[in-house]
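One structure is given below, encoded as structure tokens.
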Amino acid sequence: MTRMLVVYATKNGSTRQVAEAVAGVLRGSGTTVELAAAADARGAVTDQDLVVVGGALYNGRWHRAARRFLKRHRRELATVPVAVFGMGPREDRPESWARSRAQLDRALARYPWLDPVSVTVFGGVDPPRRTPRRDLRDWDAVRDWTMRTELLLAARSAPDA
């Protein structure tokens, strides 16, 4: 049985909602999935077939709890496949998407031992108190990335033909 861990770091809950959607897609393919806040995920991760780490990007930095999760599990995550997503722009402009991806890439570069099987940025959401509230989350993109990540993982673990 395939086992996967999806951890998320969120300030206002939108990253948790995306992590829930990722976990739902994985469960739909028969995978056993544990979903946890990055700050609370303290158990061993070496028994997982994939660890997905998601966190929001704020002011050019990836969420602190996501960064701390990577540091806390450094040795284990160096031996387990990892996929990463960031919650990025709230403006649907090419330069906003590129800036968010560059921010996530800079954050991940701080962990040279980490070699994710897949990295992406999803659209972000304005804080709840802001009106009108912009929401660039694309649920089809979340589903498609999750399915592609599963296929990449399967291809990596398939014996050579």
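Residues in the stretch 54-90 that are more than 22 Å from residue 128 (Cβ to Cβ) and among the polar types (S, T, N, Q): 79 only. With respect to residue 143, is the statement that it is surrounded by 12 or more Cβ atoms within 10 Å (Cβ to Cβ), touching a residue at least 60 places away in the same chain (Cβ under 8 Å) and not in a loop (DSSP other than H, G, I, E, B) true? The answer is yes for residue 143. With respect to being at pLDDT below 95 and of a type in the set (Val, Ile, Thr), residue 45 fits the description.
Taking the stretch 46-64 as the range and being small (Gly, Ala, Ser) and either without any contact (Cβ under 8 Å) to a residue 24 or more places away in the chain or surrounded by fewer than 23 Cβ atoms within 10 Å (Cβ to Cβ) (or both) as the test, only 60 passes. Of the residues examined, residue 32 is one that is among the β-branched types (Val, Ile, Thr), surrounded by fewer than 23 Cβ atoms within 10 Å (Cβ to Cβ), closer than 23 Å to residue 144 by Cβ and touching a residue at least 12 places away in the same chain (Cβ under 8 Å).
The values are calculated or read from the model by the stated rules, or taken from the named source; none is laboratory data. Just so it is clear, the structure is predicted and the values come from calculations on it, not from any experiment. Cβ coordinates were reconstructed from backbone atoms using ideal geometry, including for glycine residues, and neighbour counts include every protein chain displayed.
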